[in-house]
1. How many angstrom separate the Cα center of segment 1-35 from the Cα center of segment 77-102?
2. Rg over Rh of the chain, using C-alpha atoms and the Kirkwood radius, what does it come to?
3. Please list, by residue number, every one of the trypsin sites (Lys or Arg not before Pro) in segment 90-150 that is coil in DSSP and has at most 13 other beta-carbon atoms within 10 Å.
4. If I stretch the segment between residue 22 and residue 131 completely, what's the gain in nm (0.36 nm per residue apart, minus their alpha carbon distance), one decimal?
5. Check residue 76: other-chain or 5+ apart residues with amide H under 5 Å from its amide H, H built from backbone geometry?
6. Around residue 18, what is the net charge, scoring Lys/Arg as +1 and Asp/Glu as -1 over all other residues with Cβ under 12 Å from its Cβ?
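Read-outs: derived from the displayed coordinates by stated rules, not from any lab. On a predicted model such as this, the values are computed, not experimentally measured, just so you know. Methodologically, a virtual Cβ is constructed for each residue, glycine included, from the backbone with ideal geometry; neighbour enumeration extends over all protein chains shown.
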Amino acid sequence: MTEAKIREMTAVDIPPVMEIERSSFVTPWTEGMFRSQLRFRDQAINLVLDEDGTVAGYAAAWIAYDEIHLLSIAVAPAARRRGLGGEILRAVMERGRARGAVRVILEVRDGNAGARAFYRTRGFVDIGTRRRYYSDTDEDAIIMEYLFDE
Ligand SMILES: CC(C)(COP(=O)(O)OP(=O)(O)OC[C@H]1O[C@@H](n2cnc3c(N)ncnc32)[C@H](O)[C@@H]1OP(=O)(O)O)[C@@H](O)C(=O)NCCC(=O)NCCS
């Protein structure tokens, strides 16, 4: 039986996180971006999902006032559609809520149908569009939001 554990991301997680990153995004974050994200512990939520000692997914988010801004989330391609992404997202949301957040905001590529479906299953709705937000592909960003219950 596999055991999945969610924990804080640390510098030793960056190499496996980078591997997932490179296999998940057209324009991956760099190691330096993860390193600087890890420096802002108070304003950030940086988590990895560790499955039997292997990093299978991660998420990085900012907390600004009462809002969680989900910056990135990914699961290793071979580990997808087993509920792990949902577990990581739930952990980010729980931690943010405990720190006073009332909503979650994210941007997702218009053409990323899988991720958009994933967020919809978790209760997110489309609230707007940022035209040509992604300069690498000239793609629009869809802004999605989740509101915590009062
Ligand atoms: C988005 C992502 C994190 C989801 O992780 P995951 O572990 O596969 O997600 P889950 O197993 O928790 O998915 C739960 C539900 O989301 C929906 N979903 C997830 N991926 C989907 C896909 N490719 N197509 C359609 N629906 C999908 C389904 O409803 C799924 O339930 P089901 O498997 O019973 O049908 C993962 O696909 C990923 O890493 N994608 C590449 C990176 C990325 O695009 N990140 C988001 C950037 S904004």
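1. Taking the Cα centre of segment 77-102 as reference, the centre of segment 1-35 is 15 Å away.
2. Working: Rg = 14.7 Å, Rh = 15.7 Å.
When Rh is taken as the Kirkwood radius, the ratio is 0.94.
3. Working: sites: 90, 95, 97, 99, 103, 109, 116, 120, 122, 130, 131, 132; in loops: 99, 122.
Taking segment 90-150 and a limit of 13 other Cβ atoms within 10 Å, the loop trypsin sites (Lys or Arg not before Pro) found are 99.
4. Numbers: separation 109, 0.36 × 109 = 39.24 nm, distance 2.48 nm.
Additional length available on full extension: 36.8 nm.
5. 57
6. Values: positive: 22, 35; negative: 13, 19, 21, 31.
Once all neighbours under 12 Å are counted, the net charge is -2.
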